[in-house]
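Everything below concerns the one structure shown next.
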Amino acid sequence: MNDLSDHTIHQAANMESMRAYDFCQLSFADVDDILKIEQQVYSHPWSRGNFLDSLYSAYDIAGLRSRNQQLLGYFVLMPVLDEMHLLNLAVAGEVQGKGYARILLDNIYACVRKRNFSSILLEVRITNLRAIQVYQRAGFAEIGRRKAYYPVAENQREDAIVMRMEL
């Protein structure tokens, strides 16, 4: 029995050491790396000021870095009463489709539970089908719509789907 347990622990340690990323808290020093991804993946990216305001407000801002310290993705969480609001989640374009969004979501759940919140709320563009599918697979459910919530182009706007996950 001990041999099996030792083998399982050793195998788990090996898998951990082979992991291609590290979860990390992000700070003011990381804003340039965050902005590179933000501007790459969003048609209407957050500004430097949006991220600085989030950091000054002590929102939870964390991400995944590769072994060579490349930022792979990040999220921004804002506490609101008894639930956490997921304000922003992004994965670098060149590593999308490799499961990093799911890893970020798992870390979001851990952050939310650690702070004793009961649910996570988010808005997503109605046209962002890939993100909607990721959120649905992760257990988020649509609870409403916000009309004309997001800018599109030339004074046009699109709706947001409001989603929630109870923990």
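The values are calculated or read from the model by the stated rules, or taken from the named source; none is laboratory data. From a predicted model like this one, the values you see are computed outputs, not experimental measurements. Neighbour counts are summed over all protein chains in view; Cβ atoms, including those assigned to glycine, are modelled from backbone coordinates with ideal geometry. Accessible surface is based on the protein model in full, side chains and every heavy atom, while ligands, DNA and RNA are left aside. Shrake-Rupley method; radii C 1.70, N 1.55, O 1.52, S 1.80 Å.
Some points to look at:
- When the range 109-131 is filtered for residues that are of a type in the set (A, V, I, L, M, F, W, C) and either farther than 17 Å from VAL91 by Cα or assigned to a loop (DSSP other than H, G, I, E, B) (or both), the ones remaining, listed by number, are ALA110, CYS111, VAL112, PHE117, ILE120, LEU121, ILE126.
- Residue pairs whose Cβ atoms lie under 9 Å apart, separated by 6 or more positions or on different chains, with the first residue in the range 49-71 and of a type in the set (Ser, Thr, Tyr) and the second surrounded by 15 or more Cβ atoms within 10 Å (Cβ to Cβ) and assigned to a loop (DSSP other than H, G, I, E, B), are SER54/TRP46.
- Residue match in the range 18-39 (condition: of a type outside the set (D, E, K, R), modelled with pLDDT under 95 and part of a helix (DSSP H, G or I)): yes
- Flag if MET78 is over 23 Å from GLN39 (Cβ atoms), open to solvent by less than 50 Å² (accessible area, probe 1.4 Å) and either in a helix (DSSP H, G or I) or not β-branched (Val, Ile, Thr) (or both): no
- Number of residues in the range 27-75 that are of a type in the set (Gly, Ala, Ser) and either touching a His at 6+ places or on another chain (Cβ under 8 Å) or open to solvent by 70 Å² or more (accessible area, probe 1.4 Å) (or both): the value is 3.
- Residue check, ILE143 within 21 Å of MET84 (Cα to Cα), open to solvent by 50 Å² or more (accessible area, probe 1.4 Å) and assigned to a strand (DSSP E or B): yes
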